[in-house]
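All remarks here apply to the structure that follows.
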Amino acid sequence: MTKGWKRLCCWLALIILTTLFFAVFFFAYSNPILTEAFFCKGDSSCFREWVGAGSGWVTALFALWTIREMKRIQQESANIQLQGNKALARRINHLSKVHFYRITRLRRLFRNKETVEVIFSHKNLKDIEQLTYTFMSNIFEEFDKIAFVPSAYIDVIRTNMELFKDKVEYNKTDQEDQRCATLKGAENCALFSETLKIAAQHNRRIKKASDRFITRWAHTES
């Protein structure tokens, strides 16, 4: 049964009960002698008792309706929040796929553990710029709240990315699109290589976590 039919049935039940209540009240008012003989016992104040009982039922019905409305509002709020979480999970999943290729391209420059100098092309610098922009944002902390992916390594990556800006030497040619840079020193190269390794590990974790989250809540798609 759809939500529309459920809501319609609830309103119909409320209308029927209300109609019955007023029908009984009208019958009692229009036939006082018959009503007294049928509903009252002895000298008791049956009118007060029946009004009290009727008001009790009305209060109970109103309470049930209020609880149902509160539950519906709560469910709608949860659905809105879930939609936002699913959008975040999809964005994280997309970023993890894109960052996989960026990190892989950069790690190829550090295949030799004894590297003492690395020359970055313009494309390499764009990869680093995009990675830095993402890691400096709070998107991973937001995803951690819904998928419980530890973001402890984020601070290390952020710190090392900032150090990279100070260690690298930029060389500009006549054309901006041919701009390149050089990272010198075995220690600097080892540090940045380790940073890329940590970034790759974190990227795999968020990829798996976002896949699980999307799969788990795929049945809620409207």
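The values are calculated or read from the model by the stated rules, or taken from the named source; none is laboratory data. Keep in mind that this is a model prediction, so the values were computed, not measured. Cβ coordinates were reconstructed from backbone atoms using ideal geometry, including for glycine residues, and neighbour counts include every protein chain displayed.
Under the condition of being surrounded by fewer than 18 Cβ atoms within 10 Å (Cβ to Cβ) and of a type in the set (A, V, I, L, M, F, W, C), the residues counted in the stretch 122-145 number 3. Quick one: in the stretch 175-188, which of the residues that are at pLDDT 85 or above and farther than 11 Å from Ile119 by Cα is surrounded by the fewest Cβ atoms within 10 Å (Cβ to Cβ)? Selected residue: Glu187.
A single member of Ile119, Ile80, Ile103 is surrounded by 14 or more Cβ atoms within 10 Å (Cβ to Cβ) and of a type in the set (Val, Ile, Thr), and it is Ile103. Assess whether Phe192 counts as being over 30 Å from Ile214 (Cα atoms), at pLDDT 85 or above and surrounded by 12 or more Cβ atoms within 10 Å (Cβ to Cβ). When the stated conditions are applied, Phe192 passes them.
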